[in-house]
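Structure provided below as C-alpha coordinates; questions to follow.
The values are calculated or read from the model by the stated rules, or taken from the named source; none is laboratory data. Everything numeric here is computed off the predicted structure, so don't read it as measured data. Heads up, the Cβs are rebuilt from the backbone with ideal geometry, glycines too, and the neighbour counts pull from every protein chain shown.
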Amino acid sequence: MIIAVDGPAASGKGTLAAGLARHYGLPHLDTGLLYRAVGLAVAGKEDGPAFETAAIAAAESLDASHLTDLEALTAADTGVLASKVAVIAQVRAALFDFQRSFATQPGGAVLDGRDIGTRICPDADVKLFIQADSKARMERRAQQLEARGETVDRYKLFHQIEERDARDMLNPHGGFYQAEDAHLLDTTQMGIEAALRAAIAIVEKAKALKAGGQEPS
Ligand code: C5P
(Lines give C-alpha, C1' and ligand atoms only; values in the text may rest on other atoms or scores of the structure.)
Protein backbone atom coordinates (compact mmCIF):
# COMPACT_ATOMS: atom_id res chain seq x y z
CA MET A 1 0.00 0.00 0.00
CA ILE A 2 1.34 3.44 -0.94
CA ILE A 3 0.08 6.34 1.20
CA ALA A 4 0.72 9.88 -0.09
CA VAL A 5 0.56 12.70 2.45
CA ASP A 6 0.80 16.27 1.15
CA GLY A 7 0.30 19.68 2.69
CA PRO A 8 1.90 23.06 3.32
CA ALA A 9 4.81 23.88 5.62
CA ALA A 10 4.33 22.84 9.25
CA SER A 11 0.85 21.45 8.60
CA GLY A 12 1.70 18.35 10.65
CA LYS A 13 1.94 16.12 7.58
CA GLY A 14 5.33 14.73 8.64
CA THR A 15 4.12 13.71 12.10
CA LEU A 16 0.98 12.20 10.62
CA ALA A 17 2.91 10.35 7.92
CA ALA A 18 5.26 8.94 10.57
CA GLY A 19 2.24 7.88 12.67
CA LEU A 20 0.59 6.18 9.69
CA ALA A 21 3.85 4.41 8.85
CA ARG A 22 4.10 3.09 12.43
CA HIS A 23 0.46 2.04 12.44
CA TYR A 24 0.67 0.12 9.16
CA GLY A 25 4.28 -1.10 9.57
CA LEU A 26 5.42 0.72 6.42
CA PRO A 27 8.66 2.59 5.72
CA HIS A 28 8.35 6.39 5.70
CA LEU A 29 10.12 9.02 3.60
CA ASP A 30 9.90 12.71 4.51
CA THR A 31 10.63 14.09 1.02
CA GLY A 32 11.10 17.62 2.40
CA LEU A 33 14.40 16.35 3.83
CA LEU A 34 15.72 15.78 0.29
CA TYR A 35 15.06 19.39 -0.68
CA ARG A 36 16.42 20.54 2.67
CA ALA A 37 19.65 18.56 2.11
CA VAL A 38 20.08 20.21 -1.29
CA GLY A 39 19.33 23.60 0.31
CA LEU A 40 21.98 23.01 3.00
CA ALA A 41 24.54 22.11 0.34
CA VAL A 42 24.14 25.59 -1.23
CA ALA A 43 23.79 27.58 2.01
CA GLY A 44 25.70 30.84 1.80
CA LYS A 45 25.68 30.99 -2.02
CA GLU A 46 24.13 34.07 -3.65
CA ASP A 47 21.01 33.58 -5.80
CA GLY A 48 21.91 33.30 -9.48
CA PRO A 49 23.31 30.84 -12.03
CA ALA A 50 26.06 29.55 -9.69
CA PHE A 51 23.42 28.84 -7.01
CA GLU A 52 21.37 26.85 -9.54
CA THR A 53 24.35 24.90 -10.86
CA ALA A 54 25.45 24.00 -7.32
CA ALA A 55 21.91 22.99 -6.34
CA ILE A 56 21.55 20.72 -9.38
CA ALA A 57 24.94 19.09 -8.67
CA ALA A 58 23.95 18.54 -5.02
CA ALA A 59 20.61 17.00 -6.04
CA GLU A 60 22.30 14.70 -8.56
CA SER A 61 24.78 13.41 -5.99
CA LEU A 62 22.34 13.15 -3.08
CA ASP A 63 22.22 9.91 -1.13
CA ALA A 64 21.00 8.71 2.26
CA SER A 65 24.21 9.89 3.97
CA HIS A 66 23.10 13.50 3.39
CA LEU A 67 19.93 12.96 5.41
CA THR A 68 21.40 12.27 8.83
CA ASP A 69 22.03 15.73 10.39
CA LEU A 70 18.41 16.24 11.41
CA GLU A 71 19.14 19.29 13.53
CA ALA A 72 20.58 21.26 10.59
CA LEU A 73 18.09 19.80 8.11
CA THR A 74 15.02 20.73 10.13
CA ALA A 75 16.12 24.30 11.04
CA ALA A 76 13.69 27.00 9.88
CA ASP A 77 16.33 28.71 7.68
CA THR A 78 16.98 25.41 5.91
CA GLY A 79 13.26 25.24 5.07
CA VAL A 80 13.53 28.58 3.27
CA LEU A 81 16.62 27.38 1.35
CA ALA A 82 14.77 24.17 0.46
CA SER A 83 11.90 26.15 -1.04
CA LYS A 84 14.43 28.08 -3.17
CA VAL A 85 16.07 24.98 -4.65
CA ALA A 86 12.65 23.35 -5.09
CA VAL A 87 11.73 25.77 -7.91
CA ILE A 88 14.61 24.48 -10.06
CA ALA A 89 13.24 21.91 -12.53
CA GLN A 90 16.51 19.92 -12.74
CA VAL A 91 16.62 19.63 -8.94
CA ARG A 92 13.11 18.16 -8.92
CA ALA A 93 13.99 15.82 -11.79
CA ALA A 94 17.14 14.62 -10.00
CA LEU A 95 15.16 13.83 -6.83
CA PHE A 96 12.32 12.07 -8.65
CA ASP A 97 13.90 8.59 -8.98
CA PHE A 98 14.95 8.46 -5.31
CA GLN A 99 11.36 9.15 -4.24
CA ARG A 100 9.81 6.87 -6.83
CA SER A 101 12.06 3.91 -5.89
CA PHE A 102 11.23 4.42 -2.23
CA ALA A 103 7.50 4.47 -3.00
CA THR A 104 7.51 1.37 -5.16
CA GLN A 105 9.48 -0.90 -2.82
CA PRO A 106 7.73 -4.22 -2.11
CA GLY A 107 4.97 -3.82 0.49
CA GLY A 108 4.61 -0.09 -0.14
CA ALA A 109 5.51 3.03 1.79
CA VAL A 110 4.30 6.31 3.23
CA LEU A 111 5.71 9.48 1.67
CA ASP A 112 5.01 13.03 2.71
CA GLY A 113 5.73 16.24 0.83
CA ARG A 114 4.07 18.65 -1.58
CA ASP A 115 3.67 16.75 -4.86
CA ILE A 116 3.44 13.14 -3.74
CA GLY A 117 -0.19 12.63 -4.73
CA THR A 118 0.13 14.67 -7.92
CA ARG A 119 3.59 13.91 -9.35
CA ILE A 120 5.55 11.28 -7.43
CA CYS A 121 2.77 8.77 -6.74
CA PRO A 122 -0.30 9.70 -8.77
CA ASP A 123 -1.09 5.97 -8.41
CA ALA A 124 -1.01 5.97 -4.57
CA ASP A 125 -3.62 3.79 -2.88
CA VAL A 126 -4.61 6.56 -0.46
CA LYS A 127 -3.91 10.28 -0.68
CA LEU A 128 -4.27 12.74 2.16
CA PHE A 129 -3.94 16.50 1.96
CA ILE A 130 -3.26 18.02 5.39
CA GLN A 131 -4.26 21.60 6.00
CA ALA A 132 -4.13 23.94 9.02
CA ASP A 133 -4.26 27.72 9.22
CA SER A 134 -0.94 29.55 9.17
CA LYS A 135 -1.08 30.71 12.80
CA ALA A 136 -1.66 27.16 14.03
CA ARG A 137 1.18 25.92 11.80
CA MET A 138 3.56 28.59 13.12
CA GLU A 139 2.69 27.76 16.74
CA ARG A 140 3.26 24.03 16.22
CA ARG A 141 6.62 24.57 14.53
CA ALA A 142 7.60 27.04 17.29
CA GLN A 143 6.83 24.46 19.97
CA GLN A 144 8.83 21.79 18.12
CA LEU A 145 11.84 24.10 17.91
CA GLU A 146 11.50 25.17 21.56
CA ALA A 147 11.24 21.53 22.66
CA ARG A 148 14.76 21.02 21.34
CA GLY A 149 16.08 24.08 23.12
CA GLU A 150 15.97 26.69 20.34
CA THR A 151 14.91 30.27 21.01
CA VAL A 152 12.07 31.14 18.65
CA ASP A 153 11.17 34.52 17.19
CA ARG A 154 7.49 33.84 16.38
CA TYR A 155 7.17 36.90 14.16
CA LYS A 156 10.13 35.78 12.01
CA LEU A 157 8.90 32.18 11.94
CA PHE A 158 5.42 33.25 10.81
CA HIS A 159 6.95 35.24 7.96
CA GLN A 160 9.26 32.38 6.99
CA ILE A 161 6.23 30.07 6.74
CA GLU A 162 4.32 32.63 4.67
CA GLU A 163 7.36 33.17 2.43
CA ARG A 164 7.62 29.42 1.83
CA ASP A 165 3.88 29.08 1.22
CA ALA A 166 4.05 31.84 -1.39
CA ARG A 167 7.08 30.37 -3.16
CA ASP A 168 5.63 26.85 -3.02
CA MET A 169 2.28 28.01 -4.36
CA LEU A 170 3.94 29.74 -7.32
CA ASN A 171 6.35 26.87 -8.00
CA PRO A 172 5.90 26.20 -11.71
CA HIS A 173 7.25 22.64 -11.41
CA GLY A 174 5.47 21.60 -8.27
CA GLY A 175 1.92 20.45 -8.51
CA PHE A 176 1.53 21.73 -4.95
CA TYR A 177 -2.19 21.41 -4.89
CA GLN A 178 -4.57 18.89 -3.50
CA ALA A 179 -4.83 15.95 -5.91
CA GLU A 180 -8.39 15.50 -7.14
CA ASP A 181 -8.64 12.16 -5.39
CA ALA A 182 -6.97 13.29 -2.14
CA HIS A 183 -8.86 13.42 1.14
CA LEU A 184 -8.66 16.79 2.87
CA LEU A 185 -7.87 16.72 6.58
CA ASP A 186 -7.94 20.09 8.34
CA THR A 187 -6.06 19.73 11.61
CA THR A 188 -6.32 23.37 12.81
CA GLN A 189 -8.49 22.37 15.77
CA MET A 190 -7.01 18.91 16.35
CA GLY A 191 -4.27 17.58 18.57
CA ILE A 192 -1.88 15.07 17.04
CA GLU A 193 -3.68 12.00 18.45
CA ALA A 194 -7.06 13.09 17.09
CA ALA A 195 -5.48 13.96 13.74
CA LEU A 196 -3.82 10.54 13.53
CA ARG A 197 -7.11 8.78 14.38
CA ALA A 198 -8.82 10.80 11.63
CA ALA A 199 -6.05 9.94 9.14
CA ILE A 200 -6.28 6.21 9.97
CA ALA A 201 -10.07 6.36 9.53
CA ILE A 202 -9.56 7.85 6.05
CA VAL A 203 -7.07 5.13 5.12
CA GLU A 204 -9.38 2.38 6.43
CA LYS A 205 -12.30 3.77 4.46
CA ALA A 206 -10.22 3.98 1.28
CA LYS A 207 -8.96 0.41 1.79
CA ALA A 208 -12.50 -0.89 2.32
CA LEU A 209 -13.77 0.92 -0.78
CA LYS A 210 -10.88 -0.43 -2.83
CA ALA A 211 -11.54 -3.95 -1.65
CA GLY A 212 -15.13 -3.45 -2.76
CA GLY A 213 -16.40 -4.05 0.74
CA GLN A 214 -18.40 -2.02 3.21
CA GLU A 215 -17.16 1.34 4.42
CA PRO A 216 -16.18 1.02 8.09
CA SER A 217 -18.66 3.00 10.19
O1 C5P B 1 8.10 19.61 4.02
P2 C5P B 1 9.18 20.58 4.34
O3 C5P B 1 8.71 21.80 5.03
O4 C5P B 1 10.34 19.95 5.02
O5 C5P B 1 9.74 21.02 2.89
C6 C5P B 1 10.73 22.01 2.73
C7 C5P B 1 10.57 22.62 1.35
O8 C5P B 1 10.92 21.65 0.36
C9 C5P B 1 9.13 23.05 1.00
O10 C5P B 1 8.86 24.38 1.41
C11 C5P B 1 9.09 22.89 -0.51
O12 C5P B 1 9.57 24.06 -1.14
C13 C5P B 1 10.10 21.76 -0.80
N14 C5P B 1 9.44 20.47 -1.07
C15 C5P B 1 9.03 20.24 -2.35
N16 C5P B 1 8.47 19.04 -2.68
C17 C5P B 1 8.33 18.08 -1.75
C18 C5P B 1 8.74 18.32 -0.42
C19 C5P B 1 9.28 19.55 -0.10
O20 C5P B 1 9.16 21.11 -3.22
N21 C5P B 1 7.82 16.90 -2.11
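Considering each residue of the stretch 22-42, count those that are in contact (Cβ under 8 Å) with a residue 60 or more places away in the chain, more than 9 Å from the ligand (Cβ to nearest atom) and crowded, with 20+ Cβ neighbours inside 10 Å, and give that number.
The qualifying residues number 1.
Condition first: assigned to a loop (DSSP other than H, G, I, E, B), at pLDDT below 90 and among the basic types (Lys, Arg). Can you find one or more residues in the stretch 155-177 that meet it?
No.
Consider only pairs whose beta carbons are under 6 Å apart and that are at least six residues apart or on different chains; among these, list those whose first residue lies in the stretch 164-182 and is within 22 Å of Ala75 (Cα to Cα) and whose second residue is more than 10 Å from the ligand (Cβ to nearest atom) and modelled with pLDDT under 85.
Taking only residues 6 or more apart or on different chains, not a single pair turns up.
Moving to a separate point now. One residue is enough: does the stretch 157-164 have a residue meeting the conditions of a type in the set (Phe, Trp, Tyr), crowded, with 17+ Cβ neighbours inside 10 Å and within 20 Å of Asp30 (Cα to Cα)?
Scanning the stretch 157-164, I find no residue that is of a type in the set (Phe, Trp, Tyr), crowded, with 17+ Cβ neighbours inside 10 Å and within 20 Å of Asp30 (Cα to Cα), so the answer is no.
Between Thr151, Thr118, which is within 12 Å of the ligand (Cβ to nearest atom), farther than 18 Å from Ala18 by Cα and of a type in the set (Val, Ile, Thr)?
Going through Thr151, Thr118 in turn, the sole match is Thr118.
Residues are listed down the side, and each one gets a yes or a no for (1) closer than 22 Å to Lys135 by Cβ; (2) within 16 Å of the ligand (Cβ to nearest atom):
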{"position": "Gln160", "(1), (2)": "yes, yes"}
{"position": "Asp165", "(1), (2)": "yes, yes"}
{"position": "Pro172", "(1), (2)": "no, yes"}
{"position": "Gly175", "(1), (2)": "no, yes"}
{"position": "Ala179", "(1), (2)": "no, yes"}
{"position": "Met190", "(1), (2)": "yes, no"}
{"position": "Lys207", "(1), (2)": "no, no"}
{"position": "Lys210", "(1), (2)": "no, no"}
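Go through the stretch 134-178 and count every residue that is closer than 25 Å to Cys121 by Cα and aliphatic (A, V, I, L, M).
Going through the stretch 134-178 one residue at a time, the tally reaches 3.
Next up: Would you please name the residue that is farthest from Ala86 (Cα to Cα), looking only at residues in the stretch 7-21 that are in contact with an Asp or Glu (Cβ under 7 Å, 6 or more places away or on another chain) and buried (at least 23 other Cβ atoms within 10 Å of the Cβ)?
Here the answer is Ala17.
Let me ask something else. State which residue is nearest to the chain's Cα centre (by Cα) when the search covers only the stretch 43-79 and only residues that are away from the ligand (no atom under 16 Å from the Cβ) and of a type in the set (Asp, Glu).
Among residues in the stretch 43-79 that are away from the ligand (no atom under 16 Å from the Cβ) and of a type in the set (Asp, Glu), the one nearest to the chain's Cα centre (by Cα) is Asp63.
Test each condition in (1) surrounded by 12 or more Cβ atoms within 10 Å (Cβ to Cβ); (2) in a helix (DSSP H, G or I) for Leu128 and report the one that comes out false.
Going through (1) surrounded by 12 or more Cβ atoms within 10 Å (Cβ to Cβ); (2) in a helix (DSSP H, G or I) one by one, Leu128 breaks only (2).
If you go through the stretch 80-101, how many residues are more than 10 Å from the ligand (Cβ to nearest atom) and among the small types (Gly, Ala, Ser)?
Of the residues in the stretch 80-101, 4 are more than 10 Å from the ligand (Cβ to nearest atom) and among the small types (Gly, Ala, Ser).
Taking the stretch 43-92 on its own, how many of its residues are β-branched (Val, Ile, Thr), closer than 22 Å to Glu162 by Cα and either outside any helix (DSSP H, G or I) or without any contact (Cβ under 8 Å) to a residue 12 or more places away in the chain (or both)?
Looking only at that region, the number is 3.
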